[in-house]
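Here is the structure we will look at.
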Amino acid sequence: PPSNLIVRYNTIYNSWGEGVAMSHTNSAIVIGNRIYDTFSKLVYLDECLHAMVANNILYAENATYYRSGSPADGVGLGAENNKGNFSPYHIDNVTIANNIMYGVRRAVNWANFNANSPAGNSYRDVKIYNNICSVSYPNSSQGIVMGATETKPAVRVTIANNVKRKRFTLFVKT
C-alpha cells in the first residue's frame, strides 16, 4: 500500500467527492488544512493504518454540495470493498485531534459496509480528542458516531475532551 502520505496546509473546496481521501494507506497525515463544501466527506480514511487528522478546519456551508439533502461529514472512517487481506483491523492506529468542524452532518463517523465480511467491518486504536464540533445541520444531533461493528468488536477506542455544540459562530482569518 502507499505509505508516508502527507496533505498539509491546503485549502480544498467545492468538490463533488471527498475533500481528502486516503485509501489503503500505511502512514498518512492530514494536517493544517482548510477543507469545505464537498459532496460526501471532508476527510475520508478508507482502510488506513497509522493515520492522523489534526489541526484542520472542516466545514460545510454551501447546500449545492449537499448529498441527498445533507452536508458532508467532517471525518469519515470506513473499509470499503474490503477483501480481508489488508490488516486484521481495517482502520488501525488512527488519531483525530485538534480539529474544528462545523456545519457538518456528523463530526466523525464509522461506516459499516454491508458488502464486507463481518471481519472486515471493524477498527482498533482510534483516538478522537480535543476537537470542536458544531453540528448545525437542522436534522442532525449527532456529533461523533463510532457505530457498531458486526462480529469483530472494536478495540481500544478513546473519545475524550471533545466539545460538541449545536451551533456556534467561528470567525476564520483568511
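The values are calculated or read from the model by the stated rules, or taken from the named source; none is laboratory data. These figures come from a predicted structure and were not determined experimentally. A quick note on method: Cβ atoms are made from the backbone with ideal geometry, for glycine too, and the neighbour counts reach across all protein chains shown. These area figures cover heavy atoms from the full protein model, side chains too; ligands, DNA and RNA do not enter into them. Shrake-Rupley method; radii C 1.70, N 1.55, O 1.52, S 1.80 Å.
Brief remarks follow.
- Between the range 97-113 and the range 53-81, the Cα center-to-center distance that results, in Å: 7
- Sites matching GluC sites (Glu not before Pro) across the range 1-87 that sit in DSSP coil, with at most 15 neighbouring C-beta atoms within 10 Å: GLU61, GLU80
- Full-extension gain in nm, ASN98 to ALA54, via 0.36 nm per residue minus C-alpha separation: 15.3 nm
- For ALA154, the residues whose amide H sits under 5 Å from its own are TYR123, THR149, ignoring neighbours fewer than 5 places away on the same chain, with H placed 1.01 Å from N.
- Of all accessible heavy-atom area on the range 1-75, the percent that carbon and sulfur account for (1.4 Å): 47
- Counting Lys and Arg as +1 and Asp and Glu as -1 over every other residue whose Cβ lies under 11 Å from the Cβ of ASN55, the net charge comes to +2.
- With all protein chains modelled, accessible area of VAL43 [1.4 Å, Å²]: 0
- Using θ = phi - 60° and Karplus 6.51 cos²θ - 1.76 cosθ + 1.60, couplings along the range 29-35 (whole Hz; Gly, Pro as x): 10, 10, 9, x, 9, 10, 10
- Residues of the range 37-65 with amide N under 14 Å of a point placed 7 Å along Cα→Cβ from ASN161: 55
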